[in-house]
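The structure under discussion appears below in the form of structure tokens.
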Amino acid sequence: MIHYLLFDSRLSYFFQVLPFSVLIGIVYIIIRFHSLRKKQSIKPNISRETSKLLFVCYIAGLLALVCTPPNFWTAIWFNLIHHHPKMELSPLFHGGFNLKPSLFRYMRGTLTGGTWAAFMQFGNALLFLPFGFLLPFCVKKVKAHQIIKVAFISSLVIELIQPIISRSFDVDDLINNTLGAAIGYLVYCITNRIILFLKK
């Protein structure tokens, strides 16, 4: 079961970085708890504090997932479980560049879709969905265009880092990440309206 979750499934990357994300969350809780203790006159907003914790865990997991070399976490977990290294990490500065959106390549017939391609398109949108959903809970009066702008810049920075760590700069990832954040913000708006309706 452990081997399936960590190595043999498409969700393996999520489970590999989950402990790191939880660890960062615990560190954040400790730091935030001491910070709030110094401000005893201020009553913390539990829902906002929970949103901030989830956002910190999400960002930690996101960075661990996309800002490390390919197979980085797989190699670590394989070593921990089997007690000997087997996977080698790719050398730095061996990444590639894709500057043509897949839609154009589909139209020209130079690219054919498949389950893996569809999974990557969907996965990259899903990757930034929590960004657009959680950030408005953490920051007061943030607007849609601000969410999309921050998501786009964050995704662009990540994509610029990836060729350095032997991944690829992919314009599709940039588009799908930004789209995912926009969808996340839409889900936030719907959720917020439901919450306000139930409070009436």
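Backbone phi angles across segment 23-29, fed through the Karplus curve with coefficients 6.51, -1.76 and 1.60 (θ = phi - 60°), yield HN-Hα couplings of 4, 4, x, 5, 4, 4, 4 Hz in residue order; Gly and Pro are listed as x. Computed with a 1.4 Å probe over protein heavy atoms only, the accessible surface of segment 45-86 comes to 55 Å² per residue. Quick check: from the Cα gyration tensor, does the chain come out rounded (a/c under 1.5), prolate or oblate? Here the chain falls in the oblate category.
For the chain, the tally of Lys pairs with Cα-Cα distances below 23 Å comes to 21, considering only residues 8 or more apart or on different chains.
The values are calculated or read from the model by the stated rules, or taken from the named source; none is laboratory data. All values derive from a computational prediction rather than experimental measurement. Just the protein is used for accessible areas: all its heavy atoms, side chains included, with ligands, DNA and RNA removed. Shrake-Rupley method; radii C 1.70, N 1.55, O 1.52, S 1.80 Å.
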